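*Asks:* Let me give you the structure first, and then I'll get to my questions.
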Amino acid sequence: MINLSELSTPFWSPAEIEASLRDTLQHLDAGGVLAYPTETVYGFGTAVDHDSVEALVRMKGRPPGKPFLLLIGDPGQVARLDLHLPTYAAQLAARFWPGPLTLVLRGGDHRVPARARGPEGGVAVRLTPHPGLQRLLAAYGEPITSTSANRPRVPPAMTASEIVSQWPAEIHRGTLRVLDGGRLAPSESSTVVDCTGRRPRVIRPGALPASLLRTCVADLIGDT
């Protein structure tokens, strides 16, 4: 029987979150993979550098051409990644971040690994509203990658125990560190807006309907 308390780190109360930070940041700095709760499902993430991202690709068996999202701790990290934020994208971010809105941006050629880019070169970025993850990202001071925490053809994990049961060898080897934020409530995925062109375009409908986004940016394309 798997002992969850021995294979994961409590990440629920403010005290637990603070107590987890030092070892978690060391794990990221060492190129390890982190499992963490978000406002939707549990995610896997790493530091945003080539070797760390490749470690996640190998662990999850990520196919080529399928990019990773970047989670940021504050809007200023967009500029530090050398990503281009058009005026309309800045308006969307100011209105809906932190929240379930993912923006696909141009740029970051010297800061963002190829594996974190979509087929057309865009980089997907979100400012998460999850309080524990916000605190972690603030302490880290850098973005982390994000992809759902699950094996192929298995639903994304909603609890830490699902991750522990699927990835025990990686946890025992120290490749994977699991933050246990409890059972997550079902919720819609984020709305994804392509901001690489002249006008914003919804490329994945989600929690924020296009009608609401148009109250901020009237010429939004898609998801009518």
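Read the figures in this text as sums done on the coordinates, not as results from a lab. The structure presented is a predicted model; accordingly, all values stated were derived computationally and were not measured. Glycine gets a Cβ as well: all are built from the backbone with ideal geometry, and neighbour counts include every protein chain shown.
*Asks:* Which far-off residues, 5 or more places away or on another chain, put their amide H under 5 Å from the one on Ile203, with H placed in the peptide plane?
*Replies:* Val192, Val193, Asp194
*Asks:* What three numbers, in Å, describe the spread of the alpha carbons of region 135-224 along their principal axes, ordered from the longest?
*Replies:* 51, 31, 22
*Asks:* Cβ under 14 Å from Trp97's Cβ, Trp97 left aside: what net charge do those residues give with Lys, Arg +1 and Asp, Glu -1?
*Replies:* Working: positive: Arg95, Arg126; negative: Glu39, Asp74.
Its environment carries a net charge of 0.
*Asks:* Select from Arg62, Arg183, Arg198 the residue whose mean-square fluctuation is largest in a Gaussian network model of the chain (Cα-Cα springs shorter than 10 Å).
*Replies:* Top of the fluctuation ranking is Arg198.
*Asks:* Go through region 191-207 residue by residue and turn each phi into a ³J(HN,Hα) via Karplus (6.51, -1.76, 1.60, θ = phi - 60°); whole Hz please, and just put x for glycine and proline.
*Replies:* Per residue, the Karplus-derived 3J(HN,Hα) values read 7, 10, 10, 7, 10, 8, x, 5, 10, x, 9, 6, 10, 8, x, x, 4 Hz.
*Asks:* Calculate one ³J(HN,Hα) per residue across region 64-72 by plugging θ = phi - 60° into the Karplus curve 6.51 cos²θ - 1.76 cosθ + 1.60, and present them in order as whole Hz with x for glycine and proline.
*Replies:* Per-residue couplings from phi come out as x, x, 10, x, 9, 6, 10, 9, 10 Hz.
*Asks:* Continuing with the same structure: Compare Ala114, Ala89, Ala139 in a GNM of the chain, Cα atoms joined below 10 Å, and give the one with the largest fluctuation.
*Replies:* Checking each option, the largest mean-square fluctuation is seen for Ala139.
*Asks:* Apply the Debye scattering formula to region 50-165, with a single equal point scatterer on each alpha-carbon and no solvent, then give log10 I(q)/I(0) at q = 0.09 Å⁻¹.
*Replies:* For the requested q values the scattering log ratios are -0.25.
*Asks:* May I ask you to derive the FRET efficiency for Ser161 and Asp51 from their Cβ-Cβ distance with R0 = 30 Å, giving the value to the nearest 0.05? It would help to have the intermediate numbers written out before the result.
*Replies:* Numbers: r = 29 Å, r/R0 = 0.98.
Rounded to the nearest 0.05, the efficiency is 0.55.
*Asks:* Still on this structure, please answer the following. Normalised by the residues of region 24-160, what does the relative contact order come to in percent, with Cα pairs under 8 Å and at least six apart?
*Replies:* Details: 241 pairs, mean separation 48.3, N = 137.
Relative contact order here is 35 percent.
*Asks:* I want the antiparallel fraction of DSSP beta bridges within region 42-170, as a percent rounded to 5. Could you put the intermediate results ahead of the total?
*Replies:* Working: 12 of 15 bridges.
Expressed as a percentage, antiparallel bridges in region 42-170 total about 80.
*Asks:* I've got another one for you. Antiparallel as a % of all DSSP beta bridges within the chain, to the nearest 5? Show your work: numbers first, answer last.
*Replies:* Numbers: 19 of 32 bridges.
Bridges in the chain that DSSP calls antiparallel: roughly 60 percent.
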